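No value in this document is a laboratory result; all are computed from the given coordinates. Just so we're clear, the structure is a prediction, and the values are computed from it rather than from any experiment. Methodologically, a virtual Cβ is constructed for each residue, glycine included, from the backbone with ideal geometry; neighbour enumeration extends over all protein chains shown.
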Amino acid sequence: MDLKNSDHILISAPPISPIDMMDVSDATAGGIAIFLGCTRAETHTDGRKLVALDYEAYEEMALKQMHDLAVAAREKWPIVKLVMLHRVGRVGLGEPSVLIAVSTPHRGEAFDACRWLIDTLKKDVAVWKKEVWEDDSATWVHR
């Protein structure tokens, strides 16, 4: 199987489209799990409100790491198709910044693979997040 043709892995600035989620549909897949990570409204301990998140990536390294994650996930689960997208730039409240979608023959495998992929991506991939507050101040988030 040519994994590069069945995986959709991308880092980009445009918003994530619902069509991106359906790239994992396949007649051999009985389970599809989708995770969308969105910017949530929160208040800093000093009362400032979050207005957005800014994401930066070392794109060449991050894409290689994401492809490596796809290979590792395929060694653990029988993934039919996989989508991993991460936005860079400003992501407003309620907007998705990351999409993980996987299809597998059975639902349990899809859930497990999807969770492992997002948890490992957040921990290991060269993408950085900065919180932007209503007073125009910003705070880098450490993993």
Seminar exercise, completed: Once amide hydrogens are built 1.01 Å from N within the peptide plane, the residues lying 5 or more places from residue 90 or on another chain with amide H under 5 Å from its amide H are 55
For this session: Please sort 100-106, 113-119 by packing, taking for each peptide the average over its residues of neighbouring beta carbons within 10 angstrom, highest first.
Result: 100-106, 113-119
For this session: Per DSSP H run of n ≥ 4, the term is -39500 (n - 2.57); total these for the chain, divide by its residue number, and report the mean residue ellipticity at 222 nm rounded to 500 deg cm²/dmol.
Result: -9500 deg cm²/dmol
Exercise. Using the alpha-carbon centroid of each, what span in Å lies between the stretch 105-143 and the stretch 36-83?
Worked result: 4
Problem set entry | Non-local Lys pairs in the chain, i.e. 8 or more apart or on different chains, that have alpha carbons under 28 Å apart | 22
Problem set entry | P(r) of the stretch 3-140 over all Cα-Cα pairs, binned every 10 Å from zero, in whole percent | 12, 41, 30, 13, 3, 0
Problem set entry | Length-normalised contact order for the stretch 1-111 - Cα pairs under 8 Å, 6+ apart - percent | 46
Problem set entry | Difference of contour (0.36 nm per residue) and Cα-Cα distance, residue 128 to residue 107 | 4.5 nm
Problem set entry | Gain in span if fully extended, residue 54 to residue 75, counting 0.36 nm per residue against the direct Cα distance | 4.3 nm
For this session: Output ³J(HN,Hα) for the stretch 17-27: one whole-Hz value per residue in order, computed from phi by the Karplus curve 6.51 cos²θ - 1.76 cosθ + 1.60 with θ = phi - 60°, and x for Gly and Pro.
Result: 9, x, 5, 4, 5, 8, 4, 9, 4, 6, 5
